[in-house]
1. Considering each residue of segment 94-108, count those that are under 17 Å from the mean Cα position of the chain (by Cα) and open to solvent by 60 Å² or more (accessible area, probe 1.4 Å), and give that number.
2. What residue, among those in segment 109-131 that are assigned to a strand (DSSP E or B) and open to solvent by less than 50 Å² (accessible area, probe 1.4 Å), is nearest to CYS17 (Cα to Cα)?
3. If you take the residues in segment 1-17 that are small (Gly, Ala, Ser) and part of a loop (DSSP other than H, G, I, E, B), which one is surrounded by the most Cβ atoms within 10 Å (Cβ to Cβ)?
4. Hey, among GLY105, GLY62, which residue is in contact with a Gly (Cβ under 6 Å, 6 or more places away or on another chain) and modelled with pLDDT of 95 or more?
5. Within segment 40-80, how many residues turn out to be farther than 30 Å from ALA136 by Cβ, open to solvent by 40 Å² or more (accessible area, probe 1.4 Å) and not in a strand (DSSP E or B)?
6. List every residue pair whose Cβ atoms lie under 6 Å apart, where the two residues are 6 or more positions apart in sequence or sit on different chains, the first residue falls within segment 225-249 and is open to solvent by less than 100 Å² (accessible area, probe 1.4 Å), and the second residue, located anywhere, is assigned to a loop (DSSP other than H, G, I, E, B) and modelled with pLDDT of 95 or more.
7. In segment 18-39, how many residues are touching a Ser or Thr at 6+ places or on another chain (Cβ under 7 Å), under 27 Å from THR140 (Cα atoms) and surrounded by fewer than 16 Cβ atoms within 10 Å (Cβ to Cβ)?
8. Among SER144, SER183, which is the only one that is loosely packed, with under 13 Cβ neighbours inside 10 Å and among the small types (Gly, Ala, Ser)?
Amino acid sequence: PPTAGITNNTGTTVLTCTVTSISVTASGGVSYLWTGGTTPTTADNSFTSLGTYMVTVTGANGCTDTESITITQNITPPTAGITNNAGTTLLTCTVTSISVTATGGVSYLWTGGTSTNTAANSFTSPGTYTVTVTGANGCTDTESITITQNITPPTAGITNNTGSTVLTCVTTSISVTATGGVSYLWTGGTSTNTAANSFTTPGTFTVTVTGANGCTDTESITITQNITPPTAGITNNTGTTILTCTVTSIS
């Protein structure tokens, strides 16, 4: 009998999502007959599905020998995952970038972001981003994350508690309260980092109002001052400052 042999041209017996066909060549005879494959009556054959395939090799003397090869398959997709490193999917005036890491494969491809072909990525604009995760067997799975955005500034306001913007000798302090945010910073006054403030000197004072999303707005108030003293005067209607027996009253 001949000596039947099978040469594996592909170098693997495992069908995967990237290796979709395994090429082999039978040897040892003058004719060949396989139990399956794409070309079962030639020495060269290929397999696209798992199974055990046998070739009958016939020599020039009509004697035969057989050899077999077992083809397996691994087309299990990976399990794509996204780890949100930022802990939020909301972009704000303080959170300007959201960092994520894709998991589950050996290579990654994102539809957007700052690093589209690595596991680690970050997003600076809102949208839905999808990562394609490829496993060692070439099979893929996808996972998505939706990034939203809130960069609406607050509406800064100033409530004048005193009811006047003019400092006088009577009104020596003007009390105000800033509104519209969660934190406040004044350019002057007696309490520069609170909503409530008061002014004892003239000037234009601006408050920066910060909202919960870190966005800011400003509002100003102008304080003036009038502490000019009056000009006191006395008109002597009587025409004298001397009381006498005839001038008994001076008006």
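1. 2
2. Checking each candidate, the answer is VAL131.
3. ALA4
4. That would be GLY105, the only listed residue that is in contact with a Gly (Cβ under 6 Å, 6 or more places away or on another chain) and modelled with pLDDT of 95 or more.
5. 7
6. From segment 225-249, the pairs are GLN225/PRO202; ASN226/THR168; ILE227/CYS169.
7. Result for segment 18-39: 4.
8. SER144
The values are calculated or read from the model by the stated rules, or taken from the named source; none is laboratory data. Computed from a predicted structure; not experimentally measured. Every residue, glycine among them, receives a Cβ derived from its backbone with ideal geometry; neighbour counts consider all protein chains shown. Only protein heavy atoms, including side chains, enter the accessible area calculation; ligands, DNA and RNA are left aside. Shrake-Rupley method; radii C 1.70, N 1.55, O 1.52, S 1.80 Å.
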